[in-house]
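Enquirer: Have a look at this one before I ask anything.
The values are calculated or read from the model by the stated rules, or taken from the named source; none is laboratory data. These figures come from a predicted structure and were not determined experimentally. Reconstructed Cβ throughout: ideal geometry from the backbone, glycine too, with neighbour counts over all protein chains shown. Only protein heavy atoms, including side chains, enter the accessible area calculation; ligands, DNA and RNA are left aside. Shrake-Rupley method; radii C 1.70, N 1.55, O 1.52, S 1.80 Å.
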Amino acid sequence: MANGSSASIFYREVVDAIARNPPNAGDLDVLKKLCEAVEAGDKPAVAWLTRQLVKLSGAEDPLHAISYELFHALMARILLRGWFEEFDLLINWPQTRFGSRNKRVANNWDGIITIVKDQPQSLELLTGSNQEPEWQRALNGLDGAMRHFAKVDLPAAAKMGARPEGPSFDERVLPEQLLETIEQFYRVMQMLFQQLLELALAKLERDNNDVAGLRKLQDLQLPLWKLLTTKDIPKDFKAGKALDELKMQNDRRTIILNKKIRVTEFRYGRGRAKLHRFLDAFPPFNARSVIFNSLDRDDTDQPDVRGERIGSIQVSRDRQLAYFLVAYGHTWDAKERPSPANLFRRSLIKARHGGRLRLVENDELIAFLYSFFAETLAEFTRQATTAADKSKAGVNAWRETVETASVYFGQMTTHSRLNLTEGPPNYLTHMFPRNLIGRLLHDCGVHAVRSAYVLLSLLNRINGSHAELAGGINARWVHLPLHVGMLIQTGNFGVVVQHNDYSSVTDNDGLKTTMTAWEQPPHEADPPDASDAMLKFQEDLTANGFSSDLDMPISSVAILAVGEPVTTHTIWNSYEKKVVPSQLFTRLVGASNAPQYQFDVRYLRLSELEREWYNEHVLRFWNNECLAIWENWARVLTSTKISDAEYEKQKQAYMKALNTALDRVEDSYEKQILPKKEELSKALRDDNKLLLPGVRIVTAARLATVLPAVEKVVDHLNEISQPNFRLKPNFVPPFARREEVLLEVP
């Protein structure tokens, strides 16, 4: 077929063909009128003309001489208007006699999605304006693709014992193309989401009560969720064709929700330099970039860049909306009444920021966190009824402030999973690219540098305004295999341990308790000097926060000298000079002919194994098992109308069910992960050629296992196990709160 020519109207090619072919242009005239009706939005005319067109032969001239691109542009326009009957007629209409039906239809979908990717503005997508109508157009495209995917024949699964021959190309081509089409329309919707989000945030930054934009996004998410999620099957639904159809559609939706799609833009390097770059996920893609490489020395060509499941992206976007709503003092659900925490946040923003709050730059975040700390401190002090409570007000306010910072980084950033450049640019001044969920791509080093600058700046402001309330400050970079974290010791607030986007506070009372357990023999000798022993304990605590039950080489170094100011330059200069060149292992780990080659990468592979275990076992434990147990007992355990004896009976049954689930997940860790950690720990200690002089090894057994999801359930069980303890009617355990649903780690 001839190539179509560019013109102000998408069907210029048809107009030109009619001019060249009088008087034998009757078939072309039908096509022209259909194109005109589509442009005019005349649905009745489109319905009639489509049926007239498909009665003609698209495999013979003059229609055959029209380019595929023209027909693809026509199909795309009909699809995006949501005219599915007409679209189905056209996409199945043969324009050639070559190839199977599956291949012809797949080629049509490929042509449609090529226009969506390369020329979205021609379809009124991603124009930079009218995002809400464009969202509906993209939703129509997604809906249409999903309708076809719901009916397409999927390749049969291989039978047990059969020869390992995959399905034929003809079996794969259409379902694979439909999944690609679904991904592309979903990607367009995420780009539109980001545009709408940025507009909403710009308004919210000027007026913290202007949440209309965020509420609109919540409304737009609802039909998307409705389209994607499986439908409940009524208990009285009778077996038969309708039930089979619903089950099949649910199966297809599950496939879509579980489909991993690309969430980062990247460009692999070529030639000897091979500078791979992450790019921004939103046009213009080159506006932000950063160099990356794999930590695996053998993975030098094209390191694997992971995708994320569509279902996880959906939940992440909901949580993003919830984060901004709560951050500016509003409820997740528009129908809920503001809680005291919501009102506290609104009051803080109004009193200290004039109702105008922006959280983009590091210094803006520091200013907000200081305001949050000061107001939280004042509130804790007002609520204190004893001298002991007043003395704890500072550390409690600090703990909540650090948690607020962690939530911020958890929502605004994402782990790159690959190593970002450790040379210039300065992490504190560079514009990092975003992924498809709008989160900045960081690795452990970027997180450590940003956290050091933010938290140390914040502590200096607190000490300057509150008479050395935090006490003396000692901050250190902590180097572990293929990872850097940070610890901050304060005289009065205890210790902050930071890894990636998460920071936690252990106050001085908690440190004493943990150190007492750490000091219990038997263990290796500790330094006789008390300050050196304390540093060793804090390093071990930091290592345990990264990966418990694993002996690791460790080193740490002060971030700043005494009296050195906290600036973007001093923090970055410290990282470049003290962290980037530092090493734990000897050169043997990089020598391909040595037995120790890639020993450090074994830690990376073990973390990958633990990630897989987490995704399989912890997610099922928390999201499914614990939730199902609660739903089974929630009504009776929050009731005020049953006797104490009956309540105790039901509570014991509930606790037994939770403990059984708890035992299963702990057993899976002890069988699948713990032996691998013990094996690697032994290998490290058995080889005296691995570590550089002065690098010590953490004895992981001195501190308890850290599995946060497990610990939360244990805390819940400990709380309710007290005699005569009854839950309040409005109680909801953490695993039943929608904001605490665990997502797969990609």
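Enquirer: When the solvent-accessible surface of protein heavy atoms is calculated with a 1.4 angstrom probe, in what order do Glu610, Glu400, Glu468 fall, highest first? Each step should come with its number before you reach the end.
Expert: Numbers: Glu610 45, Glu400 80, Glu468 110 Å².
My answer, sorted largest first, is Glu468, Glu400, Glu610.
Enquirer: Sorted by average packing, counted as other Cβ atoms within 10 angstrom per residue and highest first, what order do 253-265, 497-509 take?
Expert: Numbers: 253-265: 17.8, 497-509: 20.2.
With the highest mean Cβ count within 10 Å placed first, the list reads 497-509, 253-265.
Enquirer: Against the longest alpha carbon principal axis of the chain, how many degrees, from 0 to 90 and to the nearest 10, is the axis of helix 508-518 turned?
Expert: Orientation of helix 508-518: about 80 degrees from the principal axis.
Enquirer: Round to the nearest 10 and report in Å² the accessible area of Val706, as given by a 1.4 Å probe over the protein chains' heavy atoms.
Expert: Estimated to the nearest 10 Å², Val706 gives 60 Å².
Enquirer: To the nearest 10 square angstrom, what accessible area does Glu616 show with a 1.4 Å probe?
Expert: Counting only protein heavy atoms, Glu616 exposes about 100 Å² to solvent.
Enquirer: Would you kindly calculate the translational diffusion coefficient of the chain, applying Stokes-Einstein with the Kirkwood radius from alpha carbon pairs, for 20 °C and a viscosity of 1.002 mPa s, and quote it in µm² s⁻¹ without decimals? Let's see the in-between values first.
Expert: Working: Rh = 29.8 Å.
In µm²/s, the coefficient is 72.
Enquirer: Over the chain, give the accessible area per residue in Å² for a 1.4 Å probe, as an integer. Each step should come with its number before you reach the end.
Expert: Working: 36150 Å² over 746 residues.
For the chain, the solvent-accessible area averages 48 Å² per residue.
Enquirer: Right, something else. In the stretch 77-139, carbon and sulfur make up what percent of the accessible area (probe 1.4 Å)? Don't jump to the answer; show the numbers that get you there.
Expert: On the way: 1250 of 2820 Å².
Taking all protein chains in place, the stretch 77-139 shows 44 percent carbon and sulfur surface.
Enquirer: Hey, got the dipole for the chain? About the Cα centre, +1 on K and R Cβ, -1 on D and E Cβ, debye to the nearest 20?
Expert: Values: 93 positive and 96 negative charges, 223 e Å.
So the magnitude is around 1080 debye.
Enquirer: Quick check: at a probe of 1.4 Å, how many percent of the accessible area of the stretch 351-490 sits on carbon and sulfur atoms? Walk me through the numbers before you get to the answer.
Expert: Working: 2420 of 4970 Å².
Using a 1.4 Å probe with all protein chains present, the stretch 351-490 comes out at 49 percent carbon and sulfur.
Enquirer: Between Asp244 and Glu39, what is the label-point separation in nm under the 7 Å Cα-to-beta-carbon projection?
Expert: Calculated label separation equals 4.7 nm.
Enquirer: What spacing in nm lies between the two simple spin-label points modelled at Asp333 and Ala530, each 7 Å away from Cα in the Cβ direction?
Expert: 5.4 nm
Enquirer: Arrange the residues Lys33, Lys350, Lys536, Lys241 by how much accessible surface each exposes, largest first, with a 1.4 angstrom probe.
Expert: Details: Lys33 100, Lys350 155, Lys536 20, Lys241 175 Å².
Ranked from most to least accessible, the order is Lys241, Lys350, Lys33, Lys536.
Enquirer: Could you give the angle, 0 to 90 degrees to the nearest 10, between helix 310-327's Cα long axis and the longest principal axis of the Cα atoms of the chain?
Expert: Roughly 60 degrees between the two axes.
Enquirer: Next question, about the same structure. Which residue, chosen from Ala76, Ile115, Cys444, occupies the Cα position most advanced towards the positive end of the dipole of the chain, where the dipole is computed from +1 (Lys, Arg) and -1 (Asp, Glu) charges on Cβ about the Cα centre?
Expert: The residue sitting most towards the positive pole is Ala76.
Enquirer: Follow-up question, since we're still on this one. Would you work out which of Gln520, Ser312, Phe373 lies farthest towards the positive end of the dipole of the chain, given +1 charges on the beta-carbon of Lys and Arg and -1 on that of Asp and Glu, about the Cα centre?
Expert: Of the listed residues, the answer is Ser312.
Enquirer: Now a separate question. Under 14 Å from the Cβ of Ile642, count the other residues' Cβ atoms, weight Lys and Arg +1, Asp and Glu -1, and hand me the total. Please list the in-between numbers first.
Expert: Details: positive: Arg635, Lys641, Lys649, Lys651, Arg726; negative: Asp644, Glu646, Glu648.
Around Ile642, the surrounding residues sum to +2.
Enquirer: At 222 nm, what value in deg cm²/dmol follows for the chain if DSSP H runs of at least 4 each add -39500 (n - 2.57) and the sum is divided by all its residues, to the nearest 500?
Expert: Working: 23 runs with 385 residues, N = 746.
Computed mean residue ellipticity for the chain: -17500 deg cm²/dmol.
Enquirer: Let me ask something else. Can you list the residues, at least 5 places off or on another chain, whose amide H is less than 5 Å from the amide H of Gly494, using H built in the peptide plane?
Expert: Asn508
Enquirer: Report, in degrees rounded to the nearest 10, the 0 to 90 angle that the Cα long axis of helix 101-118 makes with the longest principal axis of the chain.
Expert: Between helix and principal axis, roughly 60 degrees.
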